[in-house]
Every structure is written in structure tokens, then in C-alpha cells.
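This report refers to the structure that appears directly beneath it.
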Amino acid sequence: MSKLQDVENAVVSGKSKLVAGLVQEALDEGCSAPDILNGMINAMGIVGERFKKNEIFVPEMLVAARAMKKGVDVLKPHLASGSAGVCGKAIIGTVAGDLHDIGKNLVALMLKNYGFRVVDLGKDVSKETIVQAVIDLGVDVPVEKFIETVKANPDVKIVGCSALLTTTMPALKSTVEALNAEDFRSHIKVMVGGAPITQEFANEIGADAYTPDAASAAQKAKELVA
């Protein structure tokens with residue numbers, strides 16, 4: 001079995017303690033950093049498919065994502081950008097009335113692996129710190145906060161909105177509609193997700209993209225900013 005396959009299998013299995021060493025072994029044997037990164041992305045694709053089929057659940061996805069992060073940490077010095085390729089700035093948050101954050105946090109973790117840098121606005125950070133970052137607004141985020149944050153960060157490319165309850169789907173709709181009414185709308189892409197959300201609902205409310213899980217959300221985000 002190739003070293004690349006070993007890395008992929010370790011990520012799929014969530015073997016965090018092994019991934020860093022396997023990535024280093026792959027580098028030592030001449031595998032390129034981009035190839036190793038793509039292998040880990042493929043592994044998370046497998047994990048995402050299993051999640052969609054209810055073969056695994058959120059805890060298993062978190063374990064796999066953390067395993068991938070260990071590998072990405074080893075790769076950073078070997079990638080041209082010094083990281084997994086900075087993809088730009090994004091804003092994510094769970095809509096008003098919804099206090100669920102597991103899915104949102106998992107998306108944030110996956111975005112890190114795909115080259116975004118995540119910053120929690122609950123911490124004291126400078127403007128310089130949040131350049132080219134994922135700005136995590138947290139939970140129960142009012143429409144005005146999404147809009148205010150986009151206006152304060154004109155280089156934002158993606159706004160991700162999450163709703164985990166059927167009762168907060170109307171809040172998701174009003175958030176997307178409010179974003180769509182702003183002058184900056186042509187400069188951003190709006191992504192939505194959450195357990196009750198469907199592609200049909202995303203189309204209905206005017207979102208640019210819907211993804212069913214964290215792995216596909218991160219991949220779609222990277223595609224949208226390319």
C-alpha cells in the first residue's frame with residue numbers, strides 16, 4: 001500500500017496520532033505536498049459520503065476532520081503559500097433563534113483544512129488578525145449582525161448561514177433575503193446548510209449554494225472563491 005493511501009486511510013479512520021507521522025513519511029519518500037493534501041481531501045470526501053448515508057455521525061466526522069488537521073499542520077511549510085492555500089475571507093454563523101453550533105463548528109474546522117483561517121470574534125483580535133479569515137459570528141446571530149460584518153469587511157467572499165431547527169428556517173430565509181437586498185450582494189456568495197435545509201429551500205430563498213455536510217461545504221466554499 002502506498003504512503004498516500006496510508007495517509008488517506010488514517011484520515012478516514014480518524015487516527016489523529018498516526019496522521020502526522022504518515023504525512024512526514026510520505027514527504028520523505030518524495031510525495032508532493034499538494035498530492036498529500038488532495039489525498040486527505042479525498043479522504044474527507046469519503047467521510048462526507050458516509051455521513052450522508054447515515055453510516056457515521058457528527059462525532060466521527062469531527063474525529064476525521066481533526067485527523068486531517070494534524071496532517072495539514074505538517075504540510076504547511078511545504079506548500080507554496082505556507083498554508084493550505086489561503087482562500088479568502090468568509091463569515092459564518094447560526095441564524096437568530098438557533099443556539100446549535102456543532103454543525104457550524106465542524107464547518108469552521110473543515111474550512112481550516114481547506115485553507116481558510118478561522119477567527120472567533122468573541123476573542124480580542126485586531127483587524128490585521130482577521131484578514132483572509134473565516135469570521136465566526138457564533139449562534140443566534142441577528143440579520144443585522146451578518147450585514148454589519150459584511151460591510152465592515154468589504155473583502156468578504158462568502159457568507160455561510162446555518163439553521164438546525166425547522167422553527168428557525170424562517171430566520172434563515174429572512175437572513176438570506178436581507179443579504180440579497182444589499183448593494184454588496186454581487187460581491188459575495190451566500191451558502192446555507194443545516195439538518196432541515198434542502199436544495200429546494202436554498203433555491204427558494206435565493207442562496208448561491210447548499211451543502212449537506214461540512215466536508216462538502218468546505219469544498220464548495222473553496223470552489224466559490226476560486
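Met110 passes all but one of (1) open to solvent by 10 Å² or more (accessible area, probe 1.4 Å); (2) modelled with pLDDT under 80; which number fails?
(1)
In the range 202-221, is there at least one residue being touching a Leu at 6+ places or on another chain (Cβ under 6 Å) and surrounded by 16 or more Cβ atoms within 10 Å (Cβ to Cβ)?
Yes; the residues of the range 202-221 include at least one that is touching a Leu at 6+ places or on another chain (Cβ under 6 Å) and surrounded by 16 or more Cβ atoms within 10 Å (Cβ to Cβ).
Only one of these is open to solvent by 40 Å² or more (accessible area, probe 1.4 Å), touching a strand residue (DSSP E or B) at 6+ places or on another chain (Cβ under 7 Å) and not polar (S, T, N, Q): Lys189, Lys173. Name it.
Testing whether each residue is open to solvent by 40 Å² or more (accessible area, probe 1.4 Å), touching a strand residue (DSSP E or B) at 6+ places or on another chain (Cβ under 7 Å) and not polar (S, T, N, Q) leaves just Lys189.
All but one of (1) surrounded by fewer than 20 Cβ atoms within 10 Å (Cβ to Cβ); (2) closer than 21 Å to Asp101 by Cβ hold for Ala181; which doesn't?
(2)
Hey, can you tell me all the residues within the range 13-55 that are open to solvent by 30 Å² or more (accessible area, probe 1.4 Å) and within 30 Å of Thr198 (Cα to Cα)?
Ser13, Asn38, Asn42, Gly45, Ile46, Glu49, Arg50, Phe51, Lys52, Lys53, Asn54, Glu55
Quick check: is even one residue across the range 84-97 modelled with pLDDT under 90, surrounded by fewer than 17 Cβ atoms within 10 Å (Cβ to Cβ) and under 22 Å from Glu223 (Cα atoms)?
Yes, because at least one residue in the range 84-97 is modelled with pLDDT under 90, surrounded by fewer than 17 Cβ atoms within 10 Å (Cβ to Cβ) and under 22 Å from Glu223 (Cα atoms).
Can you pull out the residues in the range 29-76 that are of a type outside the set (Asp, Glu) and outside any helix (DSSP H, G or I)?
Gly30, Cys31, Ser32, Lys53, Asn54, Ile56, Phe57
Which condition number does Thr167 fail, the rest of (1) closer than 25 Å to Lys112 by Cα; (2) open to solvent by 50 Å² or more (accessible area, probe 1.4 Å); (3) in a helix (DSSP H, G or I) being met?
Condition not satisfied by Thr167: (1).
The values are calculated or read from the model by the stated rules, or taken from the named source; none is laboratory data. What you see is a predicted model, and the numbers here were worked out from it, not measured in a lab. Here the Cβ is made from the backbone with ideal geometry for all residues, glycine too, and neighbour counts use every protein chain on show. Heads up: the accessible areas ignore ligands, DNA and RNA and are worked out on the full protein's heavy atoms, side chains in. Shrake-Rupley method; radii C 1.70, N 1.55, O 1.52, S 1.80 Å.
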